[in-house]
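Peer 1: The following block contains the structure, expressed as structure tokens.
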Amino acid sequence: MDAPTMELMSALASMFETGKYSDLTIVCGTKRYPVHRALLASRSTFFDGACRNPFRESETGVIDLTEDDPEAVEHMVHYFYHLDYLNKTLSRRSSQRSSRQTPRSPRFASRRAPKKFNLALVEDPLLATASAVDTSMPLTPPTEQENQFDNLNASTKLPDSPMADQLDENPFDCMTTEPEADTEKPHLITHAKVYAIAEKYGISGLKTLARKKFAHQIEAHLGSEELPEACQEAYESTVDTDRGLRDVIIQTFRSHPDLSLRKDMEMTVKETPGLAFELFRMASGLPVTS
Amino acid sequence: MIAGRGRQRIRPPRRGLHGDEIDFESTWDIIQAAFREIHTKNASRLSYEELYRHAYRIVLKKKGEDLYKKVKEFEKQWLSGEVRSSIQLLLSPNLLADAQSVGGTTANERRVAGEKFLKGLKQAWGDHQVCMSMLADVLMYMDRVYCQDHRVPSIYTTAMVLFRDEILHSRTSAKDSRPLLDLLSHVILEQIQMERDGDVIDKHLIKSCVHMLDGLHADDLESENQRLYNVSFEQDYLNTSRVFYRGEAESMLRESDAGEYCRRARKRIHEEEDRCRATLLESTTPKIQKVVEEELIQNRIKELVEMESGVRFMIDNDRLDELNLIYDLNARVDTKKSEVTRAIQKRIVELGTEVNNDAIAASQAAPPPAPAADGGDKPKGQAQEKSLNLQTAAAIKWVEDVLVLKDKFDKVWRDSFQSDNLLQTAMTRSFADFINSATFPRSSEYISLFIDENMKKGIKGKTETEIDIMLEKAIILLRYVQDKDLFERYYKKHLCRRLLMNKSISNEVEKQMISKMKMELGNNFTMKLEAMFKDMTVSEELTSGFKKHVEGLGDRDPHRIELAINVLTSMTWPMDTIGGPGDNDEDRRPKCNFPPAVEKIKRGFEKYYSEKHSGRQLTWLPNMGTADVKAVFPRVLQKDGSFKERRHELNVSTYAMVILLLFNELPAGQHITFEEIQAQTNIPHSDLVRNLQSLAVAPKTRILVKEPMSKEIRPTDMFFFNEGFRAGFIRIKVGVVSSGNKVESDRERRETEKKNDDSRSHVVEAAIVRIMKQRKELGHQHLVSETISQLNGKFKPEVSLIKKRIEKLIEREYLERVEGGEISSYRYLA
């Protein structure tokens, strides 16, 4: 990454850290996120609408998202400033930050910002943002689908190794966080929820990113106990025409027929008519979407 | 809602994920109530997030279509209820009455009523837009998912269409069935008309309403040309404007003069332009422009130009501003500006013809010259001399007048016509028309005379720039002259006189003139003129060379005669003018017998010359020469009683010198008769008569005495040496040969034209042969037109002349007719 991009990224991260110039607060349960209207409104149609119109939110400068899943909200806010979520430092950091009332001293912030700034992690979000432009993703023909997923898998592997490098290169980071390899845990439900919230609030970059993470993780954690619930979440949190996670799931079932034999999966399929219907179409050799 | 976190091992009990089955009706009630608040401008109490979430959930639960329909129904109710009635409240009775018939209310009342209506409508439209934009943001997820997936227009668009249908297309009132839209157009048109009549109106207000019309479409396809503005307003606007301007043009033509008309028309055009910018839409500008231009200009320009105060009046009174206005107007509707052009051309020809007629009148004011008895056609009396001077003055005045005219129109062209190229061409053509008019054949001669006059007198004491301006003027006129060959003929003639008689003030200026002509008319034209100058230079060298040669002979004769000589190349100089042998009739003029002393030096020069240039023949032109003669008058008693010898230097013509020398041989008191002089000298009759007239009749130079004393010279007259001659000066110039360049008499003119025609015949023949040599075979029409175009720079040959020359060439077997061709054509015979 070149120096100017680094500069921007670290500036954004620092804005998030300090809450400096914040002109909007997102409330979710007990958590409060001081954020910036310009940054959010330019990337999310929902926040744009909230800031633009003379409703209560724009008058008070507070948007209450308590009705949304708190974890998804946290990831979303994190994404606005880091172009990524669920990187290993996330949970501890944000919880520290959110509990802290006073902003960090400027000296501290300026020293920390570049350190915190994670080269490897940024590579991924940029790709995600770029691919967000290509919104056409109805993957109906099964053969092509396979190829596409191979590619997708290959590319999603990329961030793994730099992340490992990151640990070696930035030993200081270890002081602030317990190394937690996020990819080791499936996080499938989380990704599905982030995907849903991105869809709900019209954040196309985040939607693409979540889908990519989901696709990567489902392949790596086929045996995960989360998988059935994640599938249910994916099918119930968005409208039928939203193919993003649905295509990934159907494709996974296609390439791993034994999935259907799992007991917990069986239950979920019974409970989730959308999924059941598409699996039936698939098994009958019909196009998944009619 | 408590959704399970990924890491939790124990799954929560299954509930309807993301909330229970929602109750559509109750959710809609919440949303509907909120929308009502938005429409009544109480939005700040509402939570955007909450409304967004409700709408989102409805759509997520596949109730998008129901929601869409509900919203649409809600808006329809709102518009047809609240909004429509609030607008109908604004319709005052007089506003409605006016829509049907004018009268009963004042313009001001109507304007106020109209503005009130427009304001209300603008307000309603603006509110609707703002509210719908808020609603659309709340319903964003519905737009994104339901509207896109089902290809229905966004809720915002739908609501705008509803405004059109429920408000603009609604009845004006219960009694009045016309749609509100018509009333709106009518009110706007009325306001515009008020502005045209000088009122001040609220432009922004109208512009807002116009924007509304521009934002809505007449159909649901939203095609470009179906905007309400275009469909329901613009055409009306153009039509009423057309009627208005048609009437205005009528009354303006009746009530004001052309200049005023132009000013007002231009003002109207600018007003309409401004109106489109400030009040309506710029896309209307070209359309209304066309209407105004058609009604105020196109349909009226002819009338306008021909008005009493029209173009002619403007030209005559130097109304340059008005001319500019009318030009500008004309240019708007006609790239050729034909009406103005036509008027200008007509006026140029009229004024030019006046100048021509003045010149003719001035030259005819004098009595017509009596037919002369001999070839010289020199004026025989003072009156005639005077009349010729008068004509010369008329000629010069003609040139000056034409130049004044030219200056005048140049100024008009530059200041009023923006140096328009087309008009320049047209004006040039008109100048050429009257200058070359068939009723005025003298332009070539007059121009040459004008130059002659300036070369001899005019440029005296002038600065270089002034002289240059004069030369340039002459060139300008020359440009218009069609028969350049005729001009060349005159110019040569006049130049010849100037050179030989030493009349030119400055050789430099002469040469400048030549080089200007060279630039203007080309090398061919000036070749012979330049050769004339060369002859003069060579002659100077010859004279001094000969003088040296004579001195070298050693023979120091105190009575030696000095010789200054001009050797002229016969092809270059106009021999007919200087009386030398023409090309055809050689030795027409008898050789003069020179006295022995003169004869001797003449032979000497001939010898000297033939040594230098062998094979050249010299012909002497005594009629062109002059001589300085020293004369001694003996002591005789004078009238005043003095008694002494007087010496005078007489500057006389060569002929007079020859005559005078005869009296040297004569004993005192003796006489010679006219016939004897003629026999001894062989001087041509006419020349002899004129010389004797100046020697014996002219009162101041009466060196001879004639008997009987009379003005006429008769063959039997006797001549004596006037011993009692007396003059106040030592040097006496005996002016004999009338040598000034003057207007030709009609007879001379006919001769000149005949000569010119003769030489044209040759030129035409040469051109024909050149063309045929190249083409070998050519149709008659082509040959004629090519000949004309080849000779374009020199003159415009008559077709009959070309025909005649073709006949001659066939006779002389240069050409033959091609037999059996469909069109008559000719073949070149090598």
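Peer 1: Report the residue count in the range B:678-691 for those that are surrounded by 19 or more Cβ atoms within 10 Å (Cβ to Cβ) and touching a helix residue (DSSP H, G or I) at 6+ places or on another chain (Cβ under 7 Å).
Peer 2: Going through the range B:678-691, the residues surrounded by 19 or more Cβ atoms within 10 Å (Cβ to Cβ) turn out to be B:681, B:683-684, B:687-691.
Among the residues that remain, those that are also touching a helix residue (DSSP H, G or I) at 6+ places or on another chain (Cβ under 7 Å) are: B:681, B:683, B:687-688, B:691.
So the answer is 5.
Peer 1: I would also like to ask the following. Output yes when any residue across the range B:458-477 is surrounded by fewer than 20 Cβ atoms within 10 Å (Cβ to Cβ), of a type in the set (K, R) and assigned to a helix (DSSP H, G or I), and no when none is.
Peer 2: Among the residues of the range B:458-477, not one is surrounded by fewer than 20 Cβ atoms within 10 Å (Cβ to Cβ), of a type in the set (K, R) and assigned to a helix (DSSP H, G or I), which makes the answer no.
Peer 1: Scan the range B:778-790 and report the pairs whose first residue is closer than 9 Å to B:I768 by Cα and whose second residue is of a type in the set (K, R), with Cβ atoms within less than 8 Å and a gap of 6+ or a chain change.
Peer 2: Every condition considered, the pairs that remain are B:V784/B:K803.
Peer 1: Would you pick out the residues in the range B:413-463 that are closer than 20 Å to B:V399 by Cα and of a type in the set (A, V, I, L, M)?
Peer 2: Of everything in the range B:413-463, those that are closer than 20 Å to B:V399 by Cα and of a type in the set (A, V, I, L, M) turn out to be B:M427, B:A432, B:I435, B:A438, B:I447, B:L449, B:I451, B:M455, B:I459.
Peer 1: So is B:Q100 at pLDDT 90 or above and surrounded by fewer than 20 Cβ atoms within 10 Å (Cβ to Cβ) or not?
Peer 2: no
Peer 1: Moving on. Of all residues in the range A:229-257 being of a type outside the set (G, A, S) and not in a helix (DSSP H, G or I), which is farthest from the other protein chains (Cβ to nearest Cβ)?
Peer 2: Here the answer is A:H256.
Peer 1: Is there a residue being under 23 Å from B:E322 (Cβ atoms) and either in contact with a Leu (Cβ under 9 Å, 6 or more places away or on another chain) or at pLDDT below 90 (or both) anywhere in the range B:430-447?
Peer 2: Going residue by residue through the range B:430-447, those that are under 23 Å from B:E322 (Cβ atoms) are B:430-431.
Filter once more, so that each one left must be either in contact with a Leu (Cβ under 9 Å, 6 or more places away or on another chain) or at pLDDT below 90 (or both): B:431.
So far as the range B:430-447 goes, yes, one or more of its residues are under 23 Å from B:E322 (Cβ atoms) and either in contact with a Leu (Cβ under 9 Å, 6 or more places away or on another chain) or at pLDDT below 90 (or both).
Each row is one residue, and each column tells you yes or no for (1) away from chain A (no Cβ under 14 Å); (2) surrounded by 22 or more Cβ atoms within 10 Å (Cβ to Cβ); (3) within 20 Å of A:F55 (Cα to Cα); (4) among the aromatic types (F, W, Y).
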position	(1), (2), (3), (4)
B:S26	yes, no, no, no
B:Y48	no, yes, yes, yes
B:R53	no, no, yes, no
B:K63	no, no, no, no
B:K69	yes, no, no, no
B:W78	yes, no, no, yes
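Peer 1: With respect to B:V231, determine if the residue is out of contact with any His (no Cβ under 6 Å at 6 or more places or on another chain) and either among the small types (G, A, S) or over 24 Å from B:A34 (Cα atoms) (or both).
Peer 2: The answer is yes for B:V231.
Peer 1: Which of the residues that make up the range B:788-825 are in a strand (DSSP E or B) and over 43 Å from the mean Cα position of the chain (by Cα)?
Peer 2: Once the filter is applied, which keeps residues that are in a strand (DSSP E or B) and over 43 Å from the mean Cα position of the chain (by Cα), the range B:788-825 yields B:E816, B:R817.
Peer 1: Against the conditions (1) away from chain A (no Cβ under 14 Å); (2) in a helix (DSSP H, G or I); (3) in contact (Cβ under 8 Å) with a residue 40 or more places away in the chain, where does B:F35 fall short? Just the number, please.
Peer 2: Result: B:F35 passes all but (1).
Peer 1: Moving to a separate point now. Select from the range B:196-235 the residues that are among the β-branched types (V, I, T) and either crowded, with 18+ Cβ neighbours inside 10 Å or not in a helix (DSSP H, G or I) (or both) and list them in ascending order. Outline the logic, then answer.
Peer 2: Narrowing the range B:196-235 to residues among the β-branched types (V, I, T): B:200-201, B:206, B:210, B:231.
Of everything in the range B:196-235, those that are among the β-branched types (V, I, T) and either crowded, with 18+ Cβ neighbours inside 10 Å or not in a helix (DSSP H, G or I) (or both) turn out to be B:V200, B:I201, B:I206, B:V210.
Peer 1: Follow-up question, since we're still on this one. If you take just the helices (runs of 4 or more DSSP H) that sit entirely in the range B:41-158, which of them hold at least 2 residues that are among the polar types (S, T, N, Q) and within 60 Å of the chain's Cα centre (by Cα)?
Peer 2: Answer list for the range B:41-158: B:93-100, B:107-138.
Peer 1: Please report, ordered by residue number, the strands (runs of 3 or more DSSP E) entirely within the range A:1-94 with at least 1 residues that are within 14 Å of another protein chain (Cβ to nearest Cβ) and free of Cβ contacts under 8 Å to residues at least 40 places away in the same chain. Talk me through it step by step, then tell me what you get.
Peer 2: Numbers: elements: A:24-28, A:31-35, A:62-64.
Passing ranges, in order: A:24-28, A:62-64.
Peer 1: Right, next: If B:P286 passes every condition in (1) touching a helix residue (DSSP H, G or I) at 6+ places or on another chain (Cβ under 7 Å); (2) closer than 30 Å to B:H204 by Cβ; (3) part of a helix (DSSP H, G or I); (4) of a type outside the set (S, T, N, Q) but one, which one does it miss?
Peer 2: With respect to (1) touching a helix residue (DSSP H, G or I) at 6+ places or on another chain (Cβ under 7 Å); (2) closer than 30 Å to B:H204 by Cβ; (3) part of a helix (DSSP H, G or I); (4) of a type outside the set (S, T, N, Q), B:P286 is out only on (1).
Peer 1: May I pose another question? Mind listing whichever residues of the range A:193-215 are within 23 Å of A:E266 (Cα to Cα) and away from chain B (no Cβ under 12 Å)?
Peer 2: The answer is A:A215, and nothing else.
Peer 1: OK, next. Is it the case that some residue within the range B:388-409 is under 12 Å from the mean Cα position of the chain (by Cα) and surrounded by fewer than 15 Cβ atoms within 10 Å (Cβ to Cβ)?
Peer 2: yes
Peer 1: I'm trying to understand the selection: among the residues of the range B:289-311, which are free of Cβ contacts under 8 Å to residues at least 40 places away in the same chain and of a type in the set (K, R)?
Peer 2: Once the filter is applied, which keeps residues that are free of Cβ contacts under 8 Å to residues at least 40 places away in the same chain and of a type in the set (K, R), the range B:289-311 yields B:K290, B:K302.
The values are calculated or read from the model by the stated rules, or taken from the named source; none is laboratory data. Note that the structure is a prediction, hence the values are computed from the model and not measured. Methodologically, a virtual Cβ is constructed for each residue, glycine included, from the backbone with ideal geometry; neighbour enumeration extends over all protein chains shown.
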